[in-house]
Amino acid sequence: MPPSSTQQKASSIAQDPRWQLVLQRSTAADGHFVYAVRTTGIYCRASCPSRLPKPENVVFFADGHTARAAGFRPCLRCTPDQASPQQRQADLITQACQHISVLDGAPSLQVLASEAGMSPYHFHRLFKKTTGLTPRAYAMAIRHQKLQQKLATANSITDAIYDAGYQSSSSFYAESTQRLGMTPRNFRAGGSQVSIRFAIAPCSLGAILVAQSQLGICAILLGDDPAILLQQLQDQFPKADLQGDEQAFEQQMAAVIALIDNPRLGLELPLDIRGTAFQQRVWQALRDIPPGQTMSYAELAAKIGQPSAVRAVARACAANTLAVAIPCHRVIRQNGELSGYRWGLARKQALLKREENN
C-alpha cells in the first residue's frame, strides 16, 4: 500500500534538519526559526521544553511574524517572540566583553557584575562558561592584543607598554615572555633570535609538520607536500630561527602522530597558542567539544556569547594552526554537512570517522 498523506508529512518533517534541532531542544537554533503545531495552534522556539508534538502535526516558519500571519499564536511557556534566557545572558556577557575592550585597565569583578545585574559569583561563573576565559584572563588577552599592535607602531617599547593599558613596566615584564612567546624587543623585530624547533614526517593523513617554541607546541600543519608545510611555518614565523631537529623531536612527533591516528587520545604536550582574544575564546570552545561530537558554527558562536558572529567564528577556525590539538574539524554546517577545513575536507572527514569508530 502507498503511504498515507499523514505518513508522508511525518517522513518529510523527520528528514528536515530543523526537526533534529527541535528533538535536541537546541538553544543555538533559537531565533533561526519557529515550529508550529497544527493540533494546538501554537508556535514555539526550537528549545521549548514542552512535550514534543508528532512530526506530522508540525510546520516550520522563518519567524514568529510569519507564524502569526498563518493563524498560530505564541507559546506562553517558551515565549518565542522574546529573547531566550540564554540569549539574554549571552547579550550581557557580550556587553561586558565590549566594556572590557574599551578600557585601559581591567575593571573590577564587582563593577562588571553590578552592570550585568548579577552577583559577582554568578557573573564570574557565567562569563567563564560563555567565553572560556575568566574576566581577568579576558582583560589580559585584550591588553596583550593591544600591546602587539602598539609594539609595531609605538616610538619605543615603554610607550607601547603604557599605550596598551599596563599601569607599570614591572607589571608588563612580569608576564611579557609568557604572553608574547619571546622578549618584547624580539617580538618588535618580528621574532628574530627566537628559536623554533620543528620536524616533518609522514602520517596517515599525508605529511605533518610539528613545531615547538619555548612555551610549547606552536604549530601542527597537515598537507601533501613537506616543502609547502615548511613554507607555511616560515610565513607564520618569518624572522624566527627555525631548527629542523627530527631526532631530538622524536617523542613530541610520536605523540602528535598518535593524536592524528586517534583524536580521542588527547595531547598532553603544552601548547603555545597565539591569537587574538576572540580567537582564543573560539579555540577554547573548540577544545571543549568532546571527541565524537560536532557543533555548528552557529552553535559555537552562541557558546562564546556572540550568536551573530558566525562568520567571525568561521574565520577563527580557519586561522587555527594547531590541527587536531585544537579540533576545528568538529565544526560542521547547520544542516549537518561538512564545511571548509584548512587542511582539506577529506582529512576532516577521516578525523571525524576515526572519532566515531574509536
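The values are calculated or read from the model by the stated rules, or taken from the named source; none is laboratory data. Quick caveat: nothing in here was measured; it's all calculated off a predicted structure. Counting neighbours? That spans all protein chains shown, and the Cβs are built from the backbone with ideal geometry, glycine included.
Looking only at the stretch 262-283, how many residues end up being part of a helix (DSSP H, G or I) and aliphatic (A, V, I, L, M)?
Taking the stretch 262-283 and keeping what is part of a helix (DSSP H, G or I), we get 263-265, 277-283.
Cutting the leftovers down to aliphatic (A, V, I, L, M) gives us 265, 277, 282.
Selection size over the stretch 262-283: 3.
For the residues L242, L259, the requirement of being assigned by TED's automatic domain parsing to the domain that holds P226, at pLDDT below 90, in contact with a Phe, Trp or Tyr (Cβ under 9 Å, 6 or more places away or on another chain) and not in a loop (DSSP other than H, G, I, E, B) singles out L242.
Residues in the stretch 13-43 that are among the hydroxyl-bearing types (S, T, Y) and crowded, with 18+ Cβ neighbours inside 10 Å: 4 in all. Somewhere in the stretch 100-117, is a residue in contact (Cβ under 8 Å) with a residue 40 or more places away in the chain and under 19 Å from A298 (Cα atoms)? No, every residue in the stretch 100-117 fails to be in contact (Cβ under 8 Å) with a residue 40 or more places away in the chain and under 19 Å from A298 (Cα atoms).
If you go through the stretch 127-153 and pick out every residue that is modelled with pLDDT of 75 or more, of a type in the set (D, E, K, R) and buried (at least 18 other Cβ atoms within 10 Å of the Cβ), you end up with 0.
Yes/no per residue for (1) under 13 Å from I200 (Cβ atoms); (2) of a type in the set (K, R):
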{"residue": "D224", "(1), (2)": "yes, no"}
{"residue": "K239", "(1), (2)": "no, yes"}
{"residue": "G244", "(1), (2)": "yes, no"}
{"residue": "Q251", "(1), (2)": "no, no"}
{"residue": "V256", "(1), (2)": "yes, no"}
{"residue": "L265", "(1), (2)": "no, no"}
{"residue": "L271", "(1), (2)": "no, no"}
{"residue": "Q306", "(1), (2)": "no, no"}
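For the residues A62, A28, the requirement of being free of Cβ contacts under 8 Å to residues at least 60 places away in the same chain and within 30 Å of Q89 (Cβ to Cβ) singles out A62. Within the stretch 41-69, the set of residues being at pLDDT below 95 and part of a loop (DSSP other than H, G, I, E, B) comprises A46, S47, C48, P49, S50, R51, L52, P53, K54, A62, D63.
On inspection, A90 qualifies as in contact (Cβ under 8 Å) with a residue 12 or more places away in the chain, in a helix (DSSP H, G or I) and buried (at least 21 other Cβ atoms within 10 Å of the Cβ).
Return yes when V59 is within 22 Å of Q334 (Cα to Cα), in contact with a helix residue (DSSP H, G or I) (Cβ under 7 Å, 6 or more places away or on another chain) and among the β-branched types (V, I, T) and no when it is not. Spelling it out, it is not the case that V59 is within 22 Å of Q334 (Cα to Cα), in contact with a helix residue (DSSP H, G or I) (Cβ under 7 Å, 6 or more places away or on another chain) and among the β-branched types (V, I, T). The sole residue among A10, A67, A62 that is outside the structural domain of L300 (by TED's automatic domain parsing), at negative phi and exposed (fewer than 15 other Cβ atoms within 10 Å of the Cβ) is A62.
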